[in-house]
Amino acid sequence: MLLQCGARQLDLSTPVIMGVLNVTPDSFSDGGRYLDSEQAIARAKEMLAEGATIIDVGGESTRPGAAEVSATEELRRVLPVIAALAKTAAFISIDTSKPAVMREAVAAGACIINDIRGLELPGALQAAVGTSAAICVMHMQGQPATMQAAPRYQNVVSEVRDYLLGRVQACAAVGIARNRLMIDPGIGFGKTLQHNLALLAQLPELATLQLPVLIGVSRKSVIGAVLGRPVGERLYGGIALATAAVLGGAQLIRTHDVAATVDAVRIAAAVRAAGFVAAQT
Ligand code: 8Y7
């Protein structure tokens, strides 16, 4: 499976790690803008050395209660980091929902658009089609500030799959080629513990859409809910969920904890590949 990312192709025949790079004032100490960029770039290089293939650069916090950020401010945060990373071998992903940020980030060197709002903001589909970047469409119920208040589904797996299919069709309708798309059930985005676990348990249902599946679980509340651990103590739980995701068919894993996740995912992929061989012999 090859993902078309601008002029480059990303080989997904073995799982790929996307390292999380938040460039928000609260994500790196309290330094000035220059210091924030320098620290973010250093962290990205560390993740690349640890085995990340993609760096997901985000300038908007989607944490519940986080303040809204203008496109201008988002660009001020992410552009220096993207420009620096464009000189490395990294596939650069821009974590945004804003059309203007998509366009400028791709012009600066990003080749993947990661939109937690599934290209639903006005102008987002049109902005995305005009870039030749790959696109991750993610499912979210509600809006970040309130999505965890009362998530409700009749059948979470089929509703998430139907939503993603609808967005894939919307992408096709504006002319985005299928080999540019990946899908993501959005673990933790408007979902209870049981919803999250059901989605992870039934990932093969999403794979029926015949598109690469991206999963982000590191440090999330699903781990906290099962283990009763605060965010700083969720590494092992995150490793277990990343492993489960790969065994369920995920091709891309988004994580804060690159080194540990790379090893876990390589092991899971080796087991998965042996299963395919066994099935054929
Ligand atoms: C995800 C994501 C976040 C995810 C995709 C966090 C931006 C919350 N989570 N993007 N973004 N998938 N595609 O805990 O699961 O990292 S932010």
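Computed quantities for the displayed model
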item: Whole-number D in µm²/s for the stretch 164-256 (Stokes-Einstein; Kirkwood sum over Cα pairs; 25 °C, 0.890 mPa s); result: 176 µm²/s
item: Residue-wise HN-Hα coupling along the stretch 245-250, computed from phi with Karplus coefficients 6.51, -1.76, 1.60 (Hz; x: Gly, Pro); result: 5, 5, 5, x, x, 5
item: Which of 160, 231 has the fewest Cβ neighbours within 10 Å, and the rest in rising order; result: 231, 160
item: Full-stretch length increase - residue 70, residue 277 - with 0.36 nm per residue and alpha-carbon distance subtracted; result: 69.5 nm
item: Rounded to whole Hz, the Karplus (6.51, -1.76, 1.60) HN-Hα couplings of the stretch 225-237, x for glycine and proline; result: 5, 6, 9, x, 10, x, 4, x, 10, 10, 4, 5, x
item: Inter-label distance, nm, simple model (7 Å from Cα along the C-beta direction), residue 165/residue 221; result: 2.9 nm
item: Shape call, the stretch 160-216: gyration tensor on alpha carbons, a/c limit 1.5; result: prolate
item: For 226, 213, 78, order by how many other beta-carbon atoms lie within 10 Å, fewest first; result: 226, 213, 78
item: The stretch 51-129 shape via C-alpha gyration tensor axes, a/c threshold 1.5; result: prolate
item: Radius 12 Å from Cβ of residue 3, net charge of other residues (Lys, Arg +1; Asp, Glu -1); result: +2
item: Full-extension gain in nm, residue 89 to residue 174, via 0.36 nm per residue minus C-alpha separation; result: 27.6 nm
item: 5 angstrom amide H check on residue 218, placed H, neighbours 5+ away; result: 256
item: Net charge contributed by nearby residues that have their C-beta within less than 10 Å of residue 77 (K/R +1, D/E -1); result: -2
item: Ranked 147, 138, 102, criterion: other C-beta atoms within 10 Å, fewest first; result: 147, 138, 102
item: Theoretical gain in end-to-end length, residue 34 to residue 121 [0.36 nm per residue, Cα-Cα removed]; result: 28.3 nm
item: Sorted peptide list for 3-11, 187-195, criterion being average Cβ within 10 angstrom, highest first; result: 187-195, 3-11
item: Net +/- balance of residues flanking residue 215 in space, Cβ distance below 9 Å, scoring K and R +1, D and E -1; result: 0
item: Residue 148 paired with residue 208, simple spin-label distance in nm, labels 7 Å along Cα-to-beta-carbon; result: 3.1 nm
item: Where no second cysteine Cβ lies under 4.7 Å, the cysteines concerned in the chain; result: 136, 171
item: Stokes-Einstein translational diffusion, the stretch 2-273 - Kirkwood Rh over all Cα pairs, 1.567 mPa s, 4 °C, in µm²/s; result: 70 µm²/s
item: Hz values of 3J(HN,Hα) by residue in the stretch 185-202 - Karplus curve (6.51, -1.76, 1.60), Gly and Pro given as x; result: x, x, 4, x, 9, x, 8, 7, 3, 5, 4, 4, 5, 4, 5, 5, 5, 10
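Every number in this text was worked out from the coordinates using simple rules, so none of it is lab data. Nothing here was measured: the structure is a model prediction, and the numbers come from that model. A quick note on method: Cβ atoms are made from the backbone with ideal geometry, for glycine too, and the neighbour counts reach across all protein chains shown.
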